[in-house]
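This report refers to the structure that appears directly beneath it.
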């Protein structure tokens, strides 16, 4: 996947501002964009409905919203300053009709029928440990929907005992770098997903 120069310039401006605020890492912005594009390479199909957990300064969601111009996104960010930043730039990019910024913890989405079991894709870049990511993402996915998460430099597959009880397939680690954890929702009747939604963990 490639971005044209106009789209890349717009994204570089947004991410540079986020970087100045300390919301994305200090490496070169182009490297951040290349990594974000890796999510699109890891996905099996182009999503219609997608959710990004812990959107922070906009990675990878803003890049993916460009790559998939027909997709509808919910960017989940609990921090007020970061959520306001994302809302401002989504409006400037002309995406207010298809990119929603939700300032809330992920747990609030999984309790809402508007989001529950609807997503074709859930992404996360640095949202939290595997058990938290899986528990937050699994209830949002439809059957066949994919969870794609950034992997560490020397990753091992996520334990199946975290995935299977949440109605998710075994972890598939993509190759080549950048690498991602990828799992598919296979079952909507997960007991642990229900416990997560009701706060009974």
Restricting region 154-168 to residues that are under 18 Å from the mean Cα position of the chain (by Cα) and outside any helix (DSSP H, G or I), the one surrounded by the most Cβ atoms within 10 Å (Cβ to Cβ) turns out to be 168
Hey, among 76, 67, which residue is at pLDDT 95 or above, within 22 Å of residue 137 (Cβ to Cβ), touching a helix residue (DSSP H, G or I) at 6+ places or on another chain (Cβ under 7 Å) and surrounded by 22 or more Cβ atoms within 10 Å (Cβ to Cβ)? 76
Here are some conditions: (1) farther than 18 Å from residue 81 by Cβ; (2) outside any helix (DSSP H, G or I); (3) more than 18 Å from the chain's Cα centre (by Cα). Residue 9 meets all but one. Which one does it not meet? (2)
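Every residue, every condition in (1) touching a strand residue (DSSP E or B) at 6+ places or on another chain (Cβ under 6 Å); (2) on the phi > 0 side of the Ramachandran plot; (3) modelled with pLDDT under 90, yes or no:
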| residue | (1), (2), (3) |
| --- | --- |
| 125 | yes, no, no |
| 130 | no, no, no |
| 142 | no, no, no |
| 185 | yes, no, no |
| 192 | no, no, yes |
| 199 | no, yes, yes |
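Here is a yes/no grid of residues against (1) more than 23 Å from residue 135 (Cα to Cα); (2) touching a residue at least 24 places away in the same chain (Cβ under 8 Å); (3) in contact with a helix residue (DSSP H, G or I) (Cβ under 6 Å, 6 or more places away or on another chain):
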{"site": "25", "(1), (2), (3)": "yes, no, no"}
{"site": "36", "(1), (2), (3)": "no, yes, yes"}
{"site": "49", "(1), (2), (3)": "no, yes, no"}
{"site": "52", "(1), (2), (3)": "no, yes, yes"}
{"site": "59", "(1), (2), (3)": "no, yes, yes"}
Of all residues making up region 104-141, the number that are in a loop (DSSP other than H, G, I, E, B) and buried (at least 16 other Cβ atoms within 10 Å of the Cβ): 6
Under 7 Å by Cβ, and 6 or more places apart or on different chains, what pairs join a residue from region 149-164 that is at negative phi and in contact (Cβ under 8 Å) with a residue 60 or more places away in the chain with one that is surrounded by fewer than 16 Cβ atoms within 10 Å (Cβ to Cβ) and assigned to a loop (DSSP other than H, G, I, E, B)? 150/126
Of (1) over 21 Å from residue 19 (Cβ atoms); (2) part of a loop (DSSP other than H, G, I, E, B), residue 182 satisfies every one except (2)
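The values are calculated or read from the model by the stated rules, or taken from the named source; none is laboratory data. Every value quoted in this text rests on a predicted model; they were computed, and no experiment measured them. FYI the Cβ positions are ideal-geometry reconstructions off the backbone, even for glycines, and counts take in every protein chain you see.
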